[in-house]
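Scroll down for the structure; my scribbles are underneath it.
The values are calculated or read from the model by the stated rules, or taken from the named source; none is laboratory data. All values reported here derive from a predicted model rather than from experimental measurement. Neighbour counts run over all protein chains shown; Cβ positions are idealised from the backbone, glycine included. These accessible areas exclude ligands, DNA and RNA; they are computed on the full protein's heavy atoms, side chains included. Shrake-Rupley method; radii C 1.70, N 1.55, O 1.52, S 1.80 Å.
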Amino acid sequence: MSKALTTICGTISVLMFLLMLGMVAVMNSLVVTRYLFSFSPSWTEEITRYAMVWMVMLGAAVLALFEDHITLYIFSEKLSPRVRKIMQNAIRLLVASISAVVAWTGFKFAFSMTNILAPGSQISMTAPTIAVPIGATLVSLFTIVLIWNDLRRALRAAPVEVPEQTRFMDGSFKPVDTESDT
Amino acid sequence: MPLEIVLILFFGMILLGVPISFAMISISGVYFLLGPVPSFVDLLPQKIFEGIDFIVLTAIPFFLLAGELMSRSGMAERLMHFSNLVIGRVRGGFAYVNVLASLLFSGLTGVAVGDIAALGKVEVTAMEKAGYPRPFAAAVTVASSLVGPIIPPSGIIILYCAIMNVSVGAMFLAALIPGVLMAVADMLVIGSQAKRRNFPKSEVKRTLPDFAIGTKDAALALMMPFVLIGGIVGGIMTPTEAAAVSVLYALIVGVFLYRALSLHDVYRIFVSSSFDAARLLFMIGAALTMTWIFALEDFAGKVSVWFAYFEGSPLLLILAINVLFLILGMFMDAALALILFGPIVAPLAYNVGVSPTQLGIMLIVNVTVGLATPPIGNVLFAMCSVVKLRLGDLIRELLPFLAIKFVLLVVIGMFPFLTNAIPSYFGFR
């Protein structure tokens with residue numbers, strides 16, 4: 001399980017790199033081809049946007065595993081560790097459930113777009129829109145792992161080891177002293 | 001579910017520590033499930049998708065990436081050295097250097113916290129060594145970092161343009177005078193304290209060759225904002241393309257000219273920046289679900305009724321909007337305050353003759369100052385954790401800097417030409 005988490009996060013990191021690189025490359029080549037060959041294909045902007053949607057949704061999933069989404073910590077910092085733990089898991093439950101809803105409705109939405117083609121690139125609109133439910137599914141699963149880990153800890157059993165965030169990225173939104181113990 | 005409950009739930013949830021994006025999606029979900037048409041909940045993923053699928057927004061990851069590449073190439077230190085050559089030898093020299101370096105660096109990065117991360121520790125340590133008290137050094141660094149989101153390239157300006165349908169070129173130009181005024185305001189505060197507190201001068205050698213080398217070192221950084229703004233305003237590139245070009249520029253400078261970045265560094269910076277972008281843009285996507293509720297509930301209409309009292313006096317209305325955003329900025333992320341409440345107050349301001357660019361810059365300066373106000377100032381926390389300082393000590397030294405920013409906000413509201421002069425010179429209306 002722990003290995004699977006590391007593999008998923010690692011794969012997503014590589015995908016994020018490729019998506020970002022692709023976006024930069026496409027947008028730069030657009031400037032070049034427009035001035036050199038008066039050629040600016042209409043799919044470039046579209047593909048860049050869709051790449052960004054994928055980047056954001058996959059990134060949001062990994063950030064959920066590290067609980068590194070934008071959050072206010074001022075009040076939760078003041079709670080006793082026990083209350084904070086309960087609160088934290090209630091919040092995780094909320095995140096996991098709403099993400100499951102987005103995943104479910106998102107797959108319905110994405111598959112309803114199968115026959116609709118993007119105007120520029122002529123790809124099926126399922127390809128970009130399915131990023132949302134896939135990201136949401138991962139958010140939900142990752143968050144359930146975190147809840148499961150706390151349950152295991154409460155029962156004095158060994159939790160699933162979650163890889164270190166620093167292994168995949170520099171910088172974090174979390175304040176230094178509320179680093180969660182995942 | 002009435003709007004009041006939506007707002008109370010929203011603020012309640014974020015104060016309890018629910019990640020802001022998920023708080024917004026959950027509230028929207030509950031709102032639709034309890035509403036007259038529960039099947040509207042099926043539209044949540046579509047709204048999130050639409051919130052991210054926006055070409056102007058792709059400039060945000062590009063600017064984040066370019067700024068990170070530049071700062072990791074050692075550009076921040078080069079700009080600091082250059083600023084020291086220019087202004088270091090007066091009383092309070094290093095404090096001025098700090099402000100000038102941040103102003104120049106803000107032409108490379110679009111976020112205040114980026115400035116703190118890149119320059120914060122270096123600046124504070126250097127000032128402390130030179131004999132400044134640490135809280136003052138930190139306060140100067142925090143205050144000057146607030147220029148980062150104002151001077152282009154600026155992520156928050158891009159965001160504002162995307163949600164309010166304002167020209168990016170016009171906004172970038174409009175930001176120039178207020179951005180420089182912010183730096184001047186900081187320098188005024190330093191000047192007023194330098195003599196009384198007997199701040200030292202910096203002892204930098206300033207011979208002609210030194211100056212030439214320092215300028216040459218900094219030139220590559222100093223050029224970037226001109227290339228960018230020139231490209232956009234001159235109609236050569238769209239804002240998104242300009243942002244992508246700035247990434248290429250930063251790559252060439254960092255990898256080939258300065259040889260400061262290895263390929264592994266580049267990979268790591270690309271990945272980290274894309275995660276940073278994902279964090280911000282996911283929140284923007286999620287916010288669209290909330291703005292949809294605001295539209296359904298006619299929040300803008302309700303607010304205009306509350307503000308009807310100020311209708312006779314544009315100045316009072318501008319002040320009231322400023323106060324509202326100051327309060328929002330104190331409790332909310334800057335970007336979020338703009339997305340959720342910018343469109344709500346815009347019609348009111350336009351009605352009394354405020355131009356879209358003026359309103360935009362006013363709101364952006366406003367929420368940016370909010371980054372450095374307690375209780376929730378990301379920049380404050382970033383600074384305190386970077387240099388190990390008590391929040392109270394930092395805030396005490398920061399007060400004069402914040403006070404003068406508030407004055408500046410009123411000035412920006414009162415004198416439209418500060419924000420409209422440069423854009424209209426370049427033909428934006």
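Miscellaneous remarks
- For chain B, complete DSSP H runs whose alpha carbons reach 27 Å or more along their own long axis and whose mean Kyte-Doolittle score is -0.5 or higher are B:168-194, B:208-233, B:263-296, B:391-414.
- Other protein chain Cβ atoms within 10 Å, averaged over every residue that makes up B:18-30: 6
- Counting heavy atoms of the protein chains alone, B:Tyr267 has an accessible area of about 70 Å² for a 1.4 Å probe.
- Cβ-based net charge around B:Ala130, under 14 Å, with every Lys or Arg adding one and every Asp or Glu removing one: +3
- Inter-site label distance for A:Ile86 and B:Arg396 at 7 Å from Cα along Cβ, in nm: 3.9
- Modelled spin labels at B:Ile236 and B:Tyr309, positioned 7 Å past Cα toward Cβ, are 5.2 nm from each other.
- Where labels lie 7 Å past Cα in the beta-carbon direction, separation of A:Lys78 and B:Ile5 in nm: 2.8
- Projecting the Cα positions of A:Val139, A:Leu72, A:Val102 onto the charge dipole of segment A:72-172 (unit charges on Cβ atoms of Lys, Arg, Asp and Glu, taken about the Cα centre) puts A:Leu72 furthest along the positive direction.
- Ordering B:Ile327, B:Val345, B:Phe299 by the projection of their Cα atoms onto the charge dipole of segment B:259-358, which places +1 on the Cβ of Lys and Arg and -1 on the Cβ of Asp and Glu, puts B:Ile327 at the extreme positive end.
- Oblate is the label for segment B:152-279. Its Cα gyration tensor axes, ordered a ≥ b ≥ c, give a/c of at least 1.5 and b/c at or above a/b.
- Residues B:Lys405, B:Lys216, sorted by accessible area with the largest first, give B:Lys216, B:Lys405 [1.4 Å probe; ligands and nucleic acids excluded].
- Charged-residue dipole, Cβ positions (Lys, Arg, Asp, Glu), chain A about Cα centre, Debye nearest 20: 440
- Segment A:1-49: chymotrypsin sites (Phe, Trp or Tyr not before Pro) in DSSP coil with no more than 12 other Cβ atoms inside 10 Å: A:Phe39
- Counting Cβ atoms of other protein chains within 10 Å of each residue's Cβ and taking the mean over peptide B:36-48 gives 5.
- On association of chains B and A, roughly 5400 Å² of accessible area becomes buried (total for both chains; probe 1.4 Å).
- Solvent exposure of segment B:1-129 as accessible area per residue, Å², 1.4 Å probe: 31
- Per residue of the protein assembly as shown, the DSSP helices (runs of n ≥ 4 H) give a summed -39500 (n - 2.57) that works out to -23500 deg cm²/dmol at 222 nm.
- Note on chain B: with a GNM built from Cα contacts shorter than 10 Å, the maximum mean-square fluctuation among B:Val30, B:Val266, B:Val255 falls on B:Val30.
- B:Lys205 - accessible surface, heavy atoms, 1.4 Å probe, Å² rounded to 10: 150
- Cα-based shape type of the protein assembly as shown, given that a ≥ b ≥ c are square roots of the gyration tensor eigenvalues and the cut on a/c is 1.5: rounded
- Computed in the context of the full set of protein chains, the accessible area of chain A at 1.4 Å probe radius has 69% of its extent on carbon or sulfur.
- Charged side chains reduced to their Cβ positions (Lys and Arg at +1, Asp and Glu at -1) give the protein assembly as shown a dipole of some 1340 debye around its Cα centre.
- Solvent-accessible area, 1.4 Å probe, carbon plus sulfur percent, for segment B:235-296: 71
- Counting Lys and Arg as +1 and Asp and Glu as -1 over every other residue whose Cβ lies under 15 Å from the Cβ of B:Val345, the net charge comes to -1.
- If you sort B:Phe10, A:Phe173 by accessible surface, 1.4 Å probe, largest first, the order is A:Phe173, B:Phe10.
- Whole-number accessible area per residue in Å² for segment B:272-361, which is evaluated in the context of all protein chains at 1.4 Å: 33
- Here the relative contact order of segment A:24-131, from alpha carbon pairs under 8 Å that lie six or more residues apart, stands at 29 percent.
- Distance-filtered residues of segment B:370-393 - backbone nitrogen under 12 Å, label point 7 angstrom along B:Lys121 Cα→Cβ: B:385-388
- Since only B:Ile52, B:Val30, B:Phe406 are under comparison, the one whose Cα sits farthest along the positive direction of the charge dipole of chain B, derived from C-beta charges on Lys, Arg, Asp and Glu, is B:Phe406.
- Taken residue by residue and averaged, Cβ atoms of other chains lying within 10 Å of the Cβ of A:88-96 number 3.
- Put A:Phe66, B:Phe381 in order of accessible area, highest first, and with a 1.4 Å probe you get B:Phe381, A:Phe66.
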